[in-house]
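J.: Dropping a structure here in structure tokens format, bear with me for questions.
The values are calculated or read from the model by the stated rules, or taken from the named source; none is laboratory data. This is a predicted model, so every value here is computed, not measured. Here Cβ is always computed from backbone atoms with ideal geometry, including for glycine, and neighbour counts include all displayed protein chains.
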Amino acid sequence: MDKDLDIQTLRHSTAHILASAVVELYPGTKLGIGPAIEDGFYYDFDLPCKISEQDLPKIEQKMLEIIKSDYKFIRSELPKEEAIRIFKEKGEIYKLELLQDIQEEKVSIYTHNNFVDLCRGPHLESTGKVRYFKLLSISGAYWRGDERNPQLTRIYGTAFLTKQELEDYLHRLEEAKKRDHRKLGRDLELFEIFEDKFGSGLVFWLPKGAIVRKVIEDYLKEFHIKNGYQIVYTPHIAKISLWEISGHVNYYSDYMFSPMDIEGQKYIIKPMNCPGHILIYKSKLRSYRELPIRLFELGNVYRYERSGVLHGLMRVRGFTQDDAHIFCTPENLEDEILFLLDAVVNVLNKFGFKEYSIKLSTRPEKYIGDLEHWNLAEEALKVALEKKNLSYEIDPGEGVFYGPKIDLKIKDAIGRLWQCSTIQVDFNLPQRFDVKYRDKDGQDKYVIMVHRALLGSLERFFAVLIENYAGVFPLWLAPIQVKILTISDKFIEYATEVTTILRKHNFRVELDDSSSTLQYKIRESIVQKIPYVIIVGQKEQQNRSVSFRRYGTEKTEFISLEGFIDILKDETKD
């Protein structure tokens, strides 16, 4: 196959082959849509029967027959009314709905063999050009993403130009399954979501997960204090009038929980921290000499996400942002953005992420404020990125309703990109809330507000950490850093003493003095992915020493207790 072939064309053509195979195998199927997506394609079907992933090999076999037949993809342009007639005869109700939304007088359809689909294209020359593909999974999907519409069956697949690319991708998928934070979260006792008993998308941090969270929070607080931020806390609910002023009621209401009535006034659970920080700033008159003022909060927020998009810790309804708002003058703005770009890189490096993808998201279709301020904000972000020599792409129309933003995606150990850090410049909320400072000439002027999060949400970032490290956290982050195993009850006293000493040096230690066999204890420690396991027996007790194993090795090393402490200190000193 031609290496210059557009892979999106390949994948979209494969989606049509999938659709024709499904229609042939399951007569009465109604077609939804079937686009190419970032790593493959999908097609939505209204099927006359239920299917499962066990049916995918049968569908793949039918697709191979269609590919082998090498049918031509034929594009035809015809009047919209003619297309309506064709799809009406076929009973394709979803295609008819799509046709009603098309304004043009002519539309295009694609056919191969007896299969007909409404499509802009382009497609390959023929079905035989597809060679390396794989169907991946089945899920439910509401028609046009609206839960009030019928739920269709979505079949996902992928296709590549070469066999090696397909094999590499499937290998990455297998690796991703092993790293799935939802499974590891249960296996390693890190978190739970009690969907039936407590509610969907609401996270319980179990003791081990909570320890990791504490380590992250302690690091963040120390980092921010050292860099001139002031830590604040704001309530979880607020009068809805606050969100009417901010614009969230008009522009963000789909993601806000319904208001509650308290003593005749409407309150909502907060979806954002920014209005609360504005009130703190406005609690007294501010001089230009005080600016920039940087307020930081590990703030809990709640957003209504539909159940169909909830996904472990990645997409939840309640989460904690490492949220900060900087109130500055126009003269401060560039330096603040430059400082923030350095901060983002430094913090993410600390957690082991050194490769990024950066996008500058510009003014969306629905926005507040005037164009002059939007242009100034976009230019400030652009200049800062260029001064730091950071490569970036423009993401048109993807800014938030109150301002443009820089989004930074981190690359994990198997090459996946995850959205974490964001920096947003906002001229609009200061004007809506009348947020000012007194300038050196005695005039009151509007501040510029910078919204930023370094990690994003703690829940999502924790999920990324779990998957990046496959649950094998670096020593400084590991919930249990050392596990001490006794060979028999005779050595419990010395093992307890070692536990106490290590804890006094601020290491997180767990003692297993159970009557289980040593091999069982070692195996359990490996399953829990604990960085260091200490074995305590006669020799260790007599010499006031320890025998230890590092996770991932079978080698046991014998060393003095002081020497082992030095190893731990050296590994965690940075």
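J.: Just give me the residues in the range 473-526 being part of a strand (DSSP E or B) and closer than 30 Å to Asn349 by Cβ, in sequence order.
T.: Val482, Lys483, Val509, Glu510, listed by residue number.
J.: Can you report the number of residues in the range 386-423 which are in a strand (DSSP E or B) and more than 22 Å from Gly352 (Cβ to Cβ)?
T.: Counting residues in the range 386-423 that are in a strand (DSSP E or B) and more than 22 Å from Gly352 (Cβ to Cβ) gives 6.
J.: Does the range 492-519 hold any residues that are surrounded by fewer than 16 Cβ atoms within 10 Å (Cβ to Cβ) and under 15 Å from Arg549 (Cβ atoms), and which are they?
T.: Residues satisfying the conditions are Leu518, Gln519.
J.: Would a scan of the range 47-65 turn up a residue that is more than 30 Å from Thr162 (Cβ to Cβ) and touching a Cys at 6+ places or on another chain (Cβ under 7 Å)?
T.: no
J.: For Trp476, only one of the following conditions fails: (1) under 26 Å from the mean Cα position of the chain (by Cα); (2) surrounded by 23 or more Cβ atoms within 10 Å (Cβ to Cβ); (3) not polar (S, T, N, Q). What is its number?
T.: So Trp476 meets the others, but not (2).
J.: Follow-up question, since we're still on this one. Has the range 367-378 got at least one residue that is closer than 25 Å to Leu465 by Cα and more than 17 Å from the chain's Cα centre (by Cα)?
T.: no
J.: Identify, please: which residue in the range 408-430 is under 24 Å from Asp342 (Cβ atoms) and charged (D, E, K, R) and is, among those, surrounded by the most Cβ atoms within 10 Å (Cβ to Cβ)?
T.: Here the answer is Asp426.
J.: Taking Thr162 as the residue in question, decide whether it is surrounded by 15 or more Cβ atoms within 10 Å (Cβ to Cβ) and among the hydroxyl-bearing types (Ser, Thr, Tyr).
T.: Criteria not met by Thr162.
J.: Also, quick follow-up: Regarding the range 307-325, can at least one residue be identified that is touching a strand residue (DSSP E or B) at 6+ places or on another chain (Cβ under 7 Å) and of a type in the set (Phe, Trp, Tyr)?
T.: Yes - at least one qualifying residue is present in the range 307-325.
J.: Across the range 142-155, what is the total count of residues that are assigned to a strand (DSSP E or B) and surrounded by 18 or more Cβ atoms within 10 Å (Cβ to Cβ)?
T.: 4
J.: Condition (residue is of a type in the set (Lys, Arg) and part of a strand (DSSP E or B)) applied to the range 529-550: is it met by at least one residue?
T.: yes
J.: Could you list, in sequence order, the residues of the range 431-450 that are surrounded by 22 or more Cβ atoms within 10 Å (Cβ to Cβ) and of a type outside the set (Val, Ile, Thr)?
T.: Tyr437, Met449
J.: Restricting attention to the range 321-334, does a residue exist that is hydroxyl-bearing (Ser, Thr, Tyr), assigned to a loop (DSSP other than H, G, I, E, B), in contact (Cβ under 8 Å) with a residue 24 or more places away in the chain and closer than 30 Å to Glu379 by Cβ?
T.: The answer is yes, given that some residue of the range 321-334 is hydroxyl-bearing (Ser, Thr, Tyr), assigned to a loop (DSSP other than H, G, I, E, B), in contact (Cβ under 8 Å) with a residue 24 or more places away in the chain and closer than 30 Å to Glu379 by Cβ.
J.: Could you say which residue among Glu165, Glu175, Glu105 is touching a Lys or Arg at 6+ places or on another chain (Cβ under 8 Å), of a type outside the set (A, V, I, L, M, F, W, C) and in contact (Cβ under 8 Å) with a residue 24 or more places away in the chain?
T.: Testing whether each residue is touching a Lys or Arg at 6+ places or on another chain (Cβ under 8 Å), of a type outside the set (A, V, I, L, M, F, W, C) and in contact (Cβ under 8 Å) with a residue 24 or more places away in the chain leaves just Glu105.
J.: If I filter the range 270-284 for residues that are more than 21 Å from Val450 (Cβ to Cβ) and either touching a residue at least 24 places away in the same chain (Cβ under 8 Å) or not acidic (Asp, Glu) (or both), do I get at least one hit?
T.: no
J.: Take Ile448 and decide whether it is under 18 Å from Ile337 (Cβ atoms) and in contact (Cβ under 8 Å) with a residue 12 or more places away in the chain.
T.: Spelling it out, Ile448 is indeed under 18 Å from Ile337 (Cβ atoms) and in contact (Cβ under 8 Å) with a residue 12 or more places away in the chain.
J.: Among the residues of the range 552-566 satisfying the criterion of being without any contact (Cβ under 8 Å) to a residue 24 or more places away in the chain and in a helix (DSSP H, G or I), which is surrounded by the fewest Cβ atoms within 10 Å (Cβ to Cβ)?
T.: Top of the filtered list is Glu562.
J.: May I pose another question? Checking the condition out of contact with any Gly (no Cβ under 6 Å at 6 or more places or on another chain), in the same structural domain as Ile231 (by TED's automatic domain parsing) and farther than 30 Å from Leu465 by Cα, which residue from Lys266, Lys282, Lys350 passes?
T.: None of the other options fit; the residue is Lys282.
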